[in-house]
Amino acid sequence: MKISTAGNSKLIRQEDVHAPFVAIIQDVRVEKLKDKRGVEDEVYVAYFATGKPMKFNVINRKTVVAAYGDQRDAWIGKSVEI
């Protein structure tokens, strides 16, 4: 897996992912992040055992809930393909 070092985003971005890879969920948190316009919003952020964390959008959450259930604690240690 090759991760781009361009930019200074603390989160995985689409351009960072050059091929699918498997990540192990370490934690999921609700965090306040600013969008490109500077508007702050609360979003889910998934942290992995290695690498950068990722903003978990609605599709990501629905997929993980379908696979592992709706309790965040049940996601810890589970794998997801990015």
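Using the Cβ of Ala49 as centre and a radius below 13 Å, the other residues enclosed give a net charge of +1, where K and R count +1 and D and E count -1.
The residues neighbouring Val58, those whose beta-carbon lies less than 14 Å from its own, together hold a net charge of 0 under the Lys/Arg +1, Asp/Glu -1 convention.
Stretching Ile76 away from Lys10 to a fully extended chain increases their span by 21.7 nm, per 0.36 nm per residue minus the current alpha-carbon distance.
Under the combined filter of DSSP loop state and at most 16 neighbouring Cβ atoms within 10 Å, the chain retains these chymotrypsin sites (Phe, Trp or Tyr not before Pro): Phe21. What percentage of all Cα-Cα pairs in the chain are separated by more than 23 Å? Cα-Cα pairs in the chain separated by more than 23 Å: 21 percent. If you run the Gaussian network model on the chain, springs between alpha carbon atoms under 10 Å, then out of Gly69, Gly51, Gly38 the most flexible one is Gly38.
Charge tally for Ile12 (other residues, Cβ to Cβ under 12 Å; Lys, Arg +1; Asp, Glu -1): +2.
Entry note, the chain: the mean residue ellipticity at 222 nm calculated from DSSP H runs of n ≥ 4, each adding -39500 (n - 2.57), is -4500 deg cm²/dmol after division by the residues and rounding to the nearest 500. A DSSP coil position with no more than 10 other Cβ atoms inside 10 Å describes the following trypsin sites (Lys or Arg not before Pro) in region 14-59: Lys36, Arg37. For Lys78, the amide hydrogen comes within under 5 Å of the amide hydrogens of Ile25, counting only partners 5 or more places away or on other chains and with H modelled in the peptide plane.
Say R0 is 35 Å: what FRET efficiency, to the nearest 0.05, do Lys32 and Ala67 get from their beta-carbon distance?
Numbers: r = 27 Å, r/R0 = 0.77.
Once rounded, the FRET efficiency stands at 0.80.
Computed from the coordinates by the stated procedures, all read-outs in this text should not be read as laboratory data. Predicted model, so just to flag it, every value in this text is computed and none were measured. For neighbour counting, all protein chains shown are included, and Cβ atoms are generated from backbone atoms with ideal geometry for every residue, glycine included.
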